[in-house]
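A short write-up of the structure that comes next.
No lab work stands behind these numbers, since they all come straight from the coordinates. On a predicted model such as this, the values are computed, not experimentally measured, just so you know. Reconstructed Cβ throughout: ideal geometry from the backbone, glycine too, with neighbour counts over all protein chains shown.
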Amino acid sequence: MDFLGILAQPTTLHPIRLTLKALAVSGGLHLVLGVLIAYYLTSGRGPLRSAVDFLVTLPLVFPPIATGFVLLMLLGRTGWLGRIAPVDIIFNFPGVVIASFVSGLPLMVKPVEAALKGDVKKLAEISQVLGKTDWQTFWLVLLPNIRRNVLAGWFLAIGRSLGEVGVTLMLGGNIIGKTNTLSLEIYNAVFSGEFDRAMVLAVVIGCFSLAVFAALKKLAAV
């Protein structure tokens, strides 16, 4: 098998580039929105917070293909959100990013939420007694003390997003040369009988997964 030759093919490089691009955008969203959502969930109680917690946790227990279908109904051109969106989301790059973001979000939010409910709560109380605002407490006290949890959640979210198939299939459509991510392209290669190319793609995604695993191990050892 000509590993490097297959790797250099445009049909192999495109899904790799697309996946990296989607991970870069969704990973940035995980870091910002994931941490803010976790902070919001720990900053009080109420029906709205319960609803947000339910929606964030849902992708962990709801089948990905069903999650993708629900998002398709919401984000399609005739959907509630799709009608007001400034760009076409479904079967385009934004759909791939949203699929990546939604699938990894629970693994980003839950570790950070658990950390914020732990011993750092005492530090937050001390900060507030000293006259700091909630946002000052969050940025100057809480965030520096949970940075390892943030990184761990981020690596887990990246790993989950990397292997996402069901939601991406619904929102991206697996359009060859446009929305076929690395995981979807492995299926495409097997379906078309290109087992050598499927093996190359599997090795590539395996290397990414090992990198995420190594990062988590190193983080745990610090």
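Can you give the relative contact order of the range 20-179 as a percent, counting alpha carbon pairs under 8 Å and 6+ residues apart? If you can, show how the numbers build up before the last one.
Numbers: 196 pairs, mean separation 59.3, N = 160.
Result for the range 20-179 is 37 percent.
Which order, highest average first, do 3-11, 31-39, 157-165 follow once you tally other Cβ atoms within 10 Å for each residue and take the mean per peptide?
Details: 3-11: 12.0, 31-39: 18.7, 157-165: 22.3.
Result, highest mean Cβ count within 10 Å first: 157-165, 31-39, 3-11.
Once you have the Cα-Cα distance between residue 195 and residue 1, take 0.36 nm times their residue separation minus that, and quote the gain in nm to one decimal. Please report the intermediate quantities before stating the final value.
Values: separation 194, 0.36 × 194 = 69.84 nm, distance 1.02 nm.
Length difference between fully extended and current span is 68.8 nm.
Against the longest alpha carbon principal axis of the chain, how many degrees, from 0 to 90 and to the nearest 10, is the axis of helix 10-29 turned?
Between helix and principal axis, roughly 10 degrees.
Net charge near residue 11, counting Lys/Arg +1 and Asp/Glu -1 over other residues with Cβ under 13 Å of its Cβ? Could the numbers behind the result be given before it?
On the way: positive: 17, 178, 197; negative: 185, 194, 196.
Overall, the nearby charge balance is 0.
Considering the alpha-carbon set of the range 1-127 alone, what are its Rg and its Dmax in angstrom?
Over the range 1-127's Cα set, Rg and Dmax evaluate to 18.5, 63 Å.
Return the subset of 117/218; 21/218; 110/178; 21/122 for which the Cα-Cα distance in this structure is over 30 Å, preserving the input order. Each step should come with its number before you reach the end.
Working: 117/218 24 Å; 21/218 25 Å; 110/178 32 Å; 21/122 39 Å.
In this structure, 110/178; 21/122 exceed 30 Å between Cα atoms.
Would you compute, for the Cα atoms of the range 118-222, the largest minus smallest coordinate along each principal axis and list the three values in descending order, in whole Å?
66, 32, 18
Expressed as an acute angle from 0 to 90° and rounded to the nearest 10, what is the orientation of the C-alpha long axis of helix 182-191 relative to the principal long axis of the chain?
Orientation of helix 182-191: about 30 degrees from the principal axis.
I'd like the FRET efficiency for residue 143 and residue 20, computed as 1/(1 + (r/R0)^6) with the beta carbon distance as r and R0 of 25 Å, rounded to 0.05. All intermediate terms of the calculation are to be shown ahead of the outcome.
On the way: r = 27 Å, r/R0 = 1.08.
Using R0 = 25 Å, I get an efficiency of 0.40.
Any idea what angle helix 93-116 forms with the longest principal axis of the chain, computed on alpha-carbon atoms, 0 to 90 degrees, nearest 10?
30 degrees
With label points built 7 Å along Cα→Cβ from the Cα atoms of residue 121 and residue 215, find their separation and express it in nm.
3.0 nm
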